[in-house]
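The values are calculated or read from the model by the stated rules, or taken from the named source; none is laboratory data. These numbers were taken from a predicted model, which means no experiment stands behind them. Quick reminder, even Gly has a Cβ in these numbers, built from the backbone with ideal geometry, and neighbours come from all protein chains shown. Please note that ligands, DNA and RNA were not included when accessible areas were found on the heavy atoms of the full protein model with its side chains. Shrake-Rupley method; radii C 1.70, N 1.55, O 1.52, S 1.80 Å.
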Amino acid sequence: MKNVVIINGHPFKESFNASLAYAYKTGVQEAGANVSEIFIGDLTFNPNLQFGYSKRMELEPDLQDAWKTIKEADHLVWIHPVWWGGMPSLMKGFIDRLFLPGMAFSPKENSIWWNKLLIGKTARIITTMDQPGWYYRLVYGRPSINQLKRCTLEFCGIRPVEVTTIGIIKTSDNAKRERWLKKAYDLGLALS
């Protein structure tokens, strides 16, 4: 049975991102897969990788639990808003603290290359924004998507990583939001 984890990077529990996470989760449950959730805003941890990689910080209990959930998952679903072209700072801190050498990747000795320690997992990014996805791609080059997809998930061996962009949020009406929620539900039902 497939294990899916939904990681919500929006710090506000009543955001539209939370509704998307719920819709996706409902689809996964109806598909008969196991589903876990990590709401980053509920976790207690220091998001600052205080010493870089020169000294390991102890993982707080919430981060230990989150990493165990991620390691057990076959499919990771990241849901987050685009703020200033990137992901929320708490989500970035979550990644900085967990996706560490020896955990998510390991450098090869005397080489510029590395071992990918999360091979065998897949992922989906669902990101909301206040601009059309095509504009974010053409004008800005999709920095938050590239950072999460290419520079984090694929760097650690997670493939494929599919992307769904949702927007424009600020001008959307209820009908449009219902269509987006149905889309999230359908993705969950398809386990993709």
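Assorted remarks:
- Among the protein heavy atoms, those of D74 account for about 60 Å² of accessible surface (1.4 Å probe, every chain in place).
- Kirkwood estimate for the chain, i.e. one over the average of 1/r between Cα atoms, Å: 17.1
- Cross-link pairs K92/K182; K92/K170; K68/K182; K71/K182; K149/K182; K108/K149 - those with Cα-Cα distance over 26 Å: K92/K182; K68/K182; K71/K182
- The Rg/Rh ratio for the range 1-110, using Cα coordinates for both the radius of gyration and the Kirkwood hydrodynamic radius, is 0.99.
- In the complete set of protein chains, residue-level accessible area for F99 is approximately 10 Å², probe 1.4 angstrom.
- 14 Å beta-carbon shell around F155, net charge (K/R +1, D/E -1): +4
- Environment charge at I70 (Cβ cut-off 13 Å; Lys +1, Arg +1, Asp -1, Glu -1): -1
- Debye, to nearest 20: dipole size of the chain, +1 on Lys, Arg Cβ, -1 on Asp, Glu Cβ: 560
- Against the chain, whose longest principal axis comes from its Cα atoms, helix 174-189 is set at around 50 degrees.
- For the chain, the longest principal axis of the Cα atoms and the long axis of helix 89-98 meet at an angle of about 40 degrees.
- Loop-resident sites, the range 107-192, for GluC sites (Glu not before Pro), counting at most 16 other Cβ within 10 Å (DSSP): E109
- Between N115 and S106, K108, the built amide H atoms are under 5 Å apart, and every one of these is 5 or more places off in sequence or on another chain.
- Amide H contacts of I126 (H built 1.01 Å from N, under 5 Å, at least 5 apart or other chain): W78, I79, H80, T164
- Exposure of W114 as accessible area (Å², to 10), given a probe of 1.4 Å and all protein chains: 70
- For the chain, the relative contact order works out to 29 percent when only alpha carbon pairs closer than 8 Å and six or more residues apart are counted.
- For the range 36-45, 3J(HN,Hα) computed residue by residue from phi via the Karplus equation (6.51, -1.76, 1.60; θ = phi - 60°) reads 10, 10, 10, 9, 4, x, 8, 7, 9, 6 Hz, glycine and proline entered as x.
- Computed from backbone phi with θ = phi - 60° and the Karplus coefficients 6.51, -1.76 and 1.60, the 3J(HN,Hα) list for the range 56-71 is 7, 8, 5, 7, 5, x, 5, 6, 4, 5, 4, 5, 4, 5, 5, 4 Hz; x is used for glycine and proline.
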